[in-house]
Structure formats: C-alpha cells, structure tokens
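J.: One structure, as structure tokens, below. Some questions next.
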C-alpha cells in the first residue's frame, strides 16, 4: 500500500500534518545549529555587465551565519544557468529534490546588481527564480517548504524586476494572502532601517538571538526596497522602513497559517534590501545580528517520516490482526498537534485502535497526537478483521 504524507488531512492517504508552530519557541535562546545551503551568483561577469557584488553579498551572509549554523554549503550559479536544477546534486528531479530537502534552511541570494531596468533574458537570467516546467525553482522550493524547510529569498527594490517578478509570483502562490503590489517600493538614496520589535513573539527580534530593540539600532541602507504598509498580504513585517511616499517593511516573514496547505509546514522570509549586507561601507554589527535573527526565526526545521507495518502479511477471512502507523520526528524541534490518517481498504473492517481515533468518515480514520518531541517516535496500533479475500 502506497503511503504519502502532507500538511493537513487529505482523504485516501496516510497523512502527517496539522503542524502548528509554538509562538516564542526560540525566545531568549541560542537557535539550534543547522545545516544551511547558500545559493549565489558566482561569476564576475554576466548578461548585464561586470560586478563582484553578488559574491560580496554571499560573503556578508555567510560571515554572519557562520557562528550559528552547523555547516554552510555553497551552491554557485554561473552565467548561462537557468534555475538551480542543473547545479543541485542528483541524477533526476526526485534526487535533486531530496538533496535540497536535506538542508534545514536554504538562502537564495541570486542577485545581479548590474541587471537594473532591463528586460534582457527576464525568464532566463541566472538570478531569475524559474517558473516553467517540472524542474523549475518554483517546484523545488515548493517541495522544500512542504517538508518543513525554511527558505530565505533575497529580492531588491523596483528597478530589479528581472529578479523580483517571478520571486513575488512564487510568494503569492504559496502565501494564504498575496502581496498587493506589483513591484517593491524604494527609499531613494542613503538612509536607515529600524528593526521592528512590535510583532507577535514568534517574529519579534527582541525575543530571538540578538536584542535589536532600543535607540540607535538601525541598518544602513542605500536605495532600500520594501513592501508598503497595508500590502503585506499574509506576510508579517520584520523590519520597519520609511519610503519616500510612506512606510512599510524591508523584510516579510511567513510561517504556519500564513502559508497555504502543505507549504505551511515550512517557513519563508523575503528581504528587499541587499546593501546592508553586501557593501563593506554599509554593513556593520547590526547587519550580522539581523541575519542571525532571521536565521533564528527560521530555525528548528521540521523533519518527519511515516510508515505502516502489518503484524501479519497473510490472513484468512474472519481473522483479526493489527497494523501500526508510526510517525518519526527526525528534526530538531517538537511537532505539536499533528494528525495521522489512513483510509482502510474495504477488505478490512476497523475494530478499534490504541490510542483511540479522533474521528472517521467512511473508511477514513484519523488520530491526533499532542506532541512529538525531536527524535521521538509515536505509533498507533489499529485492530482490524479481514473482511474478504479481494484487497485493493
């Protein structure tokens, strides 16, 4: 019998889902050390000119995350690449998805600072999040979110629609409510960005790794991008910014109920500013601490497997036996209030279970377990009777 698991209940399959995020789980604590993948543009020349800025951005991020991550793997993207598929380890889509899913956090820093105000190769430039076909970045990143991965996407202000267009489309496809503007806004010229400390505890920087509240805590910026107030959709603002025509957020975050369906197993942050992290004249202690807090919010990746085993492989009609549904938490954080469901085939008659089921609808039965600690396994024993000789 084929088994599959997803976020939430889906009729007909074995499901591990309804994964809720505990507010403040990272409060005032050092985040767990996790393996992360950093994707970046690695060439000094490209379709729009010559620059070393993409490597500076990568270096700024990896320098900040080095002290908190357990390992950093770099995935270089070169001129002429379309998407990340060909650069991932693996012989086919399934293998490449599995490799991507092996990381707790993925940072997509692809950004070509020379490709401003240009439509050259808008669907093929190496910094574009690809959207067409089974091997697209959108498919790979969607699959990564669905298994509990944490994704960080680096965007920029409105001049970089080459990078932003498909990136924003992806966000709107996975978010429960879309960002309500076509392009990011821009704060003209040099300025300062104030880390926001006014959110729920799951997002509050003050309650994560570094305390970024208080007077004078700012990020240096240069033509900073962002989303205007009122246009966040289901995203939660992480950082205050003042635009020329109003206010908004330099970075947005989504997790749990902010993301659709299976995507809600993962977490997502989008930043619309690179200079604070990529320019040596602008980045400073708070730049590193901001990135570390973004890492802290994204940490604690959910990893789980589900299996089904029968006590006896052969039964006579009328015999009673059992099977077990077992969920294994292979991640670094507890999974709260998860559900396992199974559609029992018509050749078997449900008798009972331990623990008792939460509910049923026809042949679909489900169970809710309050907590599955990191590294723990929880099993449900189901008793059934063999009803007939033909079993689908």
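The values are calculated or read from the model by the stated rules, or taken from the named source; none is laboratory data. Remember, predicted model here, so these are calculated numbers, not experimental data. Positions of Cβ are backbone-derived with ideal geometry, glycine not excepted, and every protein chain shown enters the neighbour counts.
J.: Looking only at residues that are in a helix (DSSP H, G or I) and touching a strand residue (DSSP E or B) at 6+ places or on another chain (Cβ under 7 Å) in region 139-149, which one is farthest from residue 93 (Cα to Cα)?
T.: Among those that are in a helix (DSSP H, G or I) and touching a strand residue (DSSP E or B) at 6+ places or on another chain (Cβ under 7 Å), it is 145.
J.: Considering each of 208, 188, 239, 200 in turn, give the residue that is surrounded by 17 or more Cβ atoms within 10 Å (Cβ to Cβ), more than 17 Å from the chain's Cα centre (by Cα) and either at pLDDT below 85 or farther than 26 Å from residue 300 by Cβ (or both). Let's see the steps before the verdict.
T.: Details: 188 fails: surrounded by 17 or more Cβ atoms within 10 Å (Cβ to Cβ); 239 fails: either at pLDDT below 85 or farther than 26 Å from residue 300 by Cβ (or both); 200 fails: surrounded by 17 or more Cβ atoms within 10 Å (Cβ to Cβ).
Answer to the selection: 208.
J.: Quick test of your reading of the structure: residue 255 fulfils all but one of (1) buried (at least 18 other Cβ atoms within 10 Å of the Cβ); (2) within 24 Å of residue 60 (Cβ to Cβ). Name the failing condition by number.
T.: The one condition residue 255 does not meet is (2).
J.: Quick one: count up the residues across region 368-392 that are modelled with pLDDT under 90 and within 37 Å of the chain's Cα centre (by Cα).
T.: 9
J.: Quick one: is residue 93 under 18 Å from the mean Cα position of the chain (by Cα) and assigned by TED's automatic domain parsing to the domain that holds residue 163?
T.: no
J.: Can I ask one more? Among the residues in region 314-327, are any within 26 Å of residue 147 (Cβ to Cβ) and part of a loop (DSSP other than H, G, I, E, B)?
T.: Filtering region 314-327 down to residues within 26 Å of residue 147 (Cβ to Cβ) leaves 323-327.
With the extra rule that they be part of a loop (DSSP other than H, G, I, E, B), the set shrinks to none.
The answer is no, given that none of the residues of region 314-327 is within 26 Å of residue 147 (Cβ to Cβ) and part of a loop (DSSP other than H, G, I, E, B).
J.: Would you pick out the residues in region 361-375 that are in contact with a strand residue (DSSP E or B) (Cβ under 7 Å, 6 or more places away or on another chain) and farther than 23 Å from residue 256 by Cα? Please lay out each step first, then the result.
T.: Our first condition is that a residue be in contact with a strand residue (DSSP E or B) (Cβ under 7 Å, 6 or more places away or on another chain); within region 361-375, this holds for 363-375.
Correct list: 363, 364, 365.
J.: Okay, next question. Could you count how many residues in region 283-320 are more than 28 Å from residue 376 (Cβ to Cβ) and surrounded by fewer than 13 Cβ atoms within 10 Å (Cβ to Cβ)?
T.: The number of residues fulfilling the criteria is 7.
J.: Before we move on, is residue 126 in contact (Cβ under 8 Å) with a residue 60 or more places away in the chain, assigned by TED's automatic domain parsing to the domain that holds residue 286, surrounded by fewer than 18 Cβ atoms within 10 Å (Cβ to Cβ) and assigned to a loop (DSSP other than H, G, I, E, B)? Before the answer, list the steps.
T.: Values: in contact (Cβ under 8 Å) with a residue 60 or more places away in the chain: yes; assigned by TED's automatic domain parsing to the domain that holds residue 286: yes; surrounded by fewer than 18 Cβ atoms within 10 Å (Cβ to Cβ): no; assigned to a loop (DSSP other than H, G, I, E, B): yes.
So residue 126 does not fit the description; no.
J.: Scan (1) surrounded by fewer than 19 Cβ atoms within 10 Å (Cβ to Cβ); (2) under 21 Å from the mean Cα position of the chain (by Cα); (3) part of a loop (DSSP other than H, G, I, E, B) for the single condition residue 280 breaks and write down its number.
T.: Answer for residue 280: the failing condition is (2).
J.: Tell me, please, whether a residue that is under 25 Å from residue 294 (Cβ atoms), crowded, with 21+ Cβ neighbours inside 10 Å and out of contact with any helix residue (DSSP H, G or I) (no Cβ under 6 Å at 6 or more places or on another chain) can be found in region 79-97.
T.: Taking every residue of region 79-97 in turn, none turns out to be under 25 Å from residue 294 (Cβ atoms), crowded, with 21+ Cβ neighbours inside 10 Å and out of contact with any helix residue (DSSP H, G or I) (no Cβ under 6 Å at 6 or more places or on another chain).
J.: Among the residues of region 298-312, are any outside the structural domain of residue 177 (by TED's automatic domain parsing), in contact (Cβ under 8 Å) with a residue 12 or more places away in the chain, in a loop (DSSP other than H, G, I, E, B) and more than 27 Å from the chain's Cα centre (by Cα)?
T.: Yes - at least one qualifying residue is present in region 298-312.
J.: I've got another one for you. Just checking: which of the strands (runs of 3 or more DSSP E) contained wholly in region 15-86 hold 1 or more residues that are at pLDDT 95 or above? Walk me through it before giving the result.
T.: Working: elements: 15-17, 35-41, 71-77.
By residue number, 35-41, 71-77.
J.: In region 218-259, which strands (runs of 3 or more DSSP E) lie fully inside it and hold 2 or more residues that are farther than 19 Å from residue 277 by Cα and in contact with a helix residue (DSSP H, G or I) (Cβ under 9 Å, 6 or more places away or on another chain)? Working first, answer last.
T.: Details: elements: 219-228, 236-243, 246-255.
Where strands (runs of 3 or more DSSP E) fall fully within region 218-259 and carry at least 2 residues being farther than 19 Å from residue 277 by Cα and in contact with a helix residue (DSSP H, G or I) (Cβ under 9 Å, 6 or more places away or on another chain), they are 246-255.
J.: Also, quick follow-up: Given the criteria assigned to a strand (DSSP E or B), in the same structural domain as residue 290 (by TED's automatic domain parsing) and either at pLDDT 95 or above or more than 16 Å from the chain's Cα centre (by Cα) (or both), does residue 152 qualify?
T.: It is true that residue 152 is assigned to a strand (DSSP E or B), in the same structural domain as residue 290 (by TED's automatic domain parsing) and either at pLDDT 95 or above or more than 16 Å from the chain's Cα centre (by Cα) (or both).
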